[in-house]
Amino acid sequence: MEELLEQTHRLPIRVLVVWEPMLPTDWSRPSGMVRSRISDTRVIQDTDHLVAGELQHQLGSEPNCCKRDGTLWDLIALYGKEAQWGYSRLVFANGTVVDTAPDLEKRLAALSNGSLAH
């Protein structure tokens, strides 16, 4: 994701990265070293887990690729330019992040060309 953000550094986007303790090895909040994996200044990092439940509510039952014990994780969600949290539909949502990054890259390229619906 860091590489994709570097490629789109001119786009006026906001990125929210949510760190969820999902794996048995996730014993505590993410360290500074973990959070430094995403260093773009447009990124807001949520280590308090405030987003996953609300995003699940907005998505309903879709997608079912990215759940563990009923909690969303490893998901990319893209909203349009004028989106308001809780009131706007997603433009795109899928996962896993690694597998979905190429799709996101195409959508961001369309955004930079002005062809993605806002």
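The values are calculated or read from the model by the stated rules, or taken from the named source; none is laboratory data. All values reported here derive from a predicted model rather than from experimental measurement. In this analysis, Cβ positions are derived from the backbone assuming ideal geometry, glycine residues included, and neighbour counts consider all displayed protein chains.
Residues in the range 34-54 that are under 14 Å from MET1 (Cβ atoms) and surrounded by 13 or more Cβ atoms within 10 Å (Cβ to Cβ) were compared, and the one that is modelled with the highest pLDDT is VAL43. Please verify whether the range 55-68 includes one or more residues that are at pLDDT 75 or above, under 15 Å from the mean Cα position of the chain (by Cα), assigned to a loop (DSSP other than H, G, I, E, B) and over 20 Å from ALA83 (Cα atoms). Checked the range 55-68: at least one residue is at pLDDT 75 or above, under 15 Å from the mean Cα position of the chain (by Cα), assigned to a loop (DSSP other than H, G, I, E, B) and over 20 Å from ALA83 (Cα atoms). Within the range 69-98, being assigned to a strand (DSSP E or B) and touching a Ser or Thr at 6+ places or on another chain (Cβ under 7 Å) holds for ILE76, TYR79, ASN94. Each residue in the range 69-80 was checked for being on the phi < 0 side of the Ramachandran plot and either in contact with a Cys (Cβ under 7 Å, 6 or more places away or on another chain) or modelled with pLDDT of 80 or more (or both), and 8 pass. For the range 51-88, give me each residue that is touching a residue at least 24 places away in the same chain (Cβ under 8 Å) and among the basic types (Lys, Arg). Passing the criteria: ARG68, LYS81. Within the range 6-21, the residues that satisfy the criterion of being modelled with pLDDT of 70 or more and surrounded by 12 or more Cβ atoms within 10 Å (Cβ to Cβ) are GLN7, THR8, LEU11, ILE13, VAL15, LEU16, VAL17, VAL18. Just one of (1) polar (S, T, N, Q); (2) crowded, with 16+ Cβ neighbours inside 10 Å; (3) modelled with pLDDT under 85 fails for ASN113. It is (2). Could you check the range 81-100 and list, in sequence order, the residues that are more than 19 Å from GLU62 (Cβ to Cβ) and within 13 Å of the chain's Cα centre (by Cα)? Answer for the range 81-100, where residues must be more than 19 Å from GLU62 (Cβ to Cβ) and within 13 Å of the chain's Cα centre (by Cα): just VAL98. When ASN94 is tested against the conditions (1) touching a residue at least 40 places away in the same chain (Cβ under 8 Å); (2) under 23 Å from LEU11 (Cα atoms), the lone failure is (1). Just checking, does the range 84-104 include any residue being charged (D, E, K, R) and modelled with pLDDT under 75? No, that holds for no residue.
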